[in-house]
Structures are given as C-alpha cells and as structure tokens.
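Remarks on the structure that follows.
The values are calculated or read from the model by the stated rules, or taken from the named source; none is laboratory data. Not measured: the values here are computed from a predicted model. Methodologically, a virtual Cβ is constructed for each residue, glycine included, from the backbone with ideal geometry; neighbour enumeration extends over all protein chains shown.
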Ligand code: SF4
Ligand code: SF4
C-alpha cells in the first residue's frame, strides 16, 4: 500500500514492464501491511463486511475512521490500524492477510499506485488515468525475477473488477473536485457517507424511508436492488449524482410534484 512519501511519480502506461514477485518466503513478507493509510471504496467495504459476516454499520464502527476531504468536503473512509507504534492492519498475521481474496483495491494495486488527473476541458471535465511505481525501501519484491506489465498485474490481482465497480463513484469525486464547486452541506455530507459506505443503512433509507414513493424507478431496477447489494450500491451512486446536482439521474413522480404545487 502506498506510503505517499515514498511514491515515485513517474507516469506509467498499461504496457509498462516491471519485475516483481511477492511470496510467503520473502524476507519482507507482510511488512507492507503496517504503518500505512488505506483509503476504502464502496465496493471494498461491501466485500470486506460480507467476508467478516458483519453489517456495514458494524464494519464501519469497528474497522474504519472518517476524514473529511478539505477541498471537496466529501467524507473519506480509512482502515483503522492498531494504536501502537507499528500501526498494523487488523487483518495481518504472520501467515499473511486473513481476508486476502476480499482485500481492498489499494492492497491489490500495491506496488503500483494509480492516479487520475482532472482538468476542465473545452467540452467539460477531462480525466487521464495513470500509474506509478511505489518503491518503498522495505519491499524486496522488485528484486525478484517475475515479469509483468501493469495490465497483466491488474488482471492477476483482480483489481480491474474493483475499478469497474467504483468508477462511477470516482467520477463523482472528480466532478466535485473541479474549480468552482461548493462544499456539501451537513445533510448531503451525511447522505454521501450512507450511500457510499453504509449499504445496509442505505437499504433501509431506500425501502423503508419513502424514497420509492418520491422518484420514478422501474420495477426491474427495484427488484435488482432488493436482491443484489451491488445494484443497490450503483443506485446509491445514481442518487448521489442527483442530490449533488451533477446530473438529472432521477425524476420526481408527477403526483408528488402536483401535491407540492398544491401545498405552495
Ligand atoms: S487488508 Fe490484507 S493486504 Fe491489505 S494491509 Fe491489511 S493485511 Fe495487508
Ligand atoms: S514483497 Fe513487497 S508487497 Fe510483498 S510482502 Fe514484501 S513488502 Fe509486501
């Protein structure tokens, strides 16, 4: 996982080749799982809380802390490390990661870092994805002989699925980080947290909180959201884009509008 001080910011492409191997017999095994800050995404949290058999609320309370991004005012979630000097990940043991097949995207990328450059283009916001090596002195994997491209590493680590799952959510951050955007008020900030990270709470909000009476949402979408929490997560991104006024992703029902007009 990247320690930001150790990042070598040379921009790499998917075809860039490198040598690396990480295995149980290597001297530095699990050294990268301490003294780090791991930012979690919505899909990371779904995978981890299910792996641990917890609700999203329990997971967030036990294993994470929140930092408010100064620029965008978005809440960001980080994995809580041990309180002692070592700052160890709660899931690391001498045998390795105990949640390996559900580890977060940042752990999968390591020792590659990923960034997105954003700028306001002529026809709207433009983004450029790039990669960089994270070369930390304790990591000996670069001395091994297995050859990769960035692309083959991503596929091997399963990180392409995570990126697909989170791409719409990342888009919200990028749009909101452009110049001229205002911060979120308290209500929107709280909803950003629930819709992004607390999926079990968001389910209650959607199905028991009257949201389905408010917006035009087809039965197929409702059925998918009931059965599949990834679909619910995707709806959460759609809802955030609506309340943050990024796009008109939802339509208020005519009868709701009429009733509102009558009242005013
Ligand atoms: S989640 Fe697993 S891979 Fe990631 S830091 Fe913790 S122990 Fe290491
Ligand atoms: S080789 Fe690097 S990634 Fe693998 S265990 Fe060692 S420090 Fe961690």
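With respect to the conditions (1) under 22 Å from residue 15 (Cα atoms); (2) surrounded by 12 or more Cβ atoms within 10 Å (Cβ to Cβ); (3) touching a residue at least 60 places away in the same chain (Cβ under 8 Å), residue 152 lacks only one, and its number is (3). For residue 107, state whether it is within 12 Å of ligand 2 (Cβ to nearest atom) and not in a loop (DSSP other than H, G, I, E, B). Considered against the rule, which asks whether it is within 12 Å of ligand 2 (Cβ to nearest atom) and not in a loop (DSSP other than H, G, I, E, B), residue 107 comes out as yes.
Yes or no, residue by residue, for (1) in a helix (DSSP H, G or I); (2) modelled with pLDDT under 80; (3) away from ligand 1 (no atom under 15 Å from the Cβ):
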| residue | (1), (2), (3) |
| --- | --- |
| 113 | no, no, no |
| 116 | no, yes, yes |
| 120 | no, yes, yes |
| 125 | no, yes, yes |
| 130 | no, no, yes |
| 133 | no, no, yes |
| 138 | no, no, no |
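The C-beta contact set for the range 243-260 (first residue farther than 23 Å from residue 184 by Cβ, second residue surrounded by 10 or more Cβ atoms within 10 Å (Cβ to Cβ), distance under 6 angstrom, 6+ apart or interchain) comprises 253/216; 256/214. Summed over the range 116-138, the residues that are in contact (Cβ under 8 Å) with a residue 60 or more places away in the chain and out of contact with any helix residue (DSSP H, G or I) (no Cβ under 6 Å at 6 or more places or on another chain) give a count of 6. Just need a number here: residues in the range 24-35 that are under 17 Å from residue 98 (Cα atoms) and within 11 Å of ligand 1 (Cβ to nearest atom). Total satisfying the criteria: 6.
Just one of (1) within 15 Å of ligand 2 (Cβ to nearest atom); (2) touching a residue at least 60 places away in the same chain (Cβ under 8 Å); (3) surrounded by 15 or more Cβ atoms within 10 Å (Cβ to Cβ) fails for residue 28. It is (3). Only a single criterion out of (1) touching a strand residue (DSSP E or B) at 6+ places or on another chain (Cβ under 9 Å); (2) modelled with pLDDT of 95 or more; (3) assigned to a loop (DSSP other than H, G, I, E, B); (4) within 16 Å of ligand 2 (Cβ to nearest atom) is not satisfied by residue 86, namely (2). Do we have any residue at all in the range 79-93 that's away from ligand 1 (no atom under 11 Å from the Cβ) and crowded, with 17+ Cβ neighbours inside 10 Å? No, the conditions are met nowhere in the range 79-93.
Among the helices (runs of 4 or more DSSP H) confined to the range 161-264, the ones with at least 2 residues that are surrounded by fewer than 15 Cβ atoms within 10 Å (Cβ to Cβ) and at pLDDT 90 or above are located at 186-197, 199-208, 211-214, 219-227, 254-263. Taking the condition touching a strand residue (DSSP E or B) at 6+ places or on another chain (Cβ under 6 Å) and either more than 25 Å from residue 184 (Cα to Cα) or more than 16 Å from ligand 2 (Cβ to nearest atom) (or both), does residue 69 pass? Yes: the conditions hold for residue 69.
Can you work out which of the residues in the range 31-58 that are within 16 Å of ligand 2 (Cβ to nearest atom) and part of a helix (DSSP H, G or I) is farthest from residue 193 (Cα to Cα)? Looking at residues that are within 16 Å of ligand 2 (Cβ to nearest atom) and part of a helix (DSSP H, G or I), I get 31.
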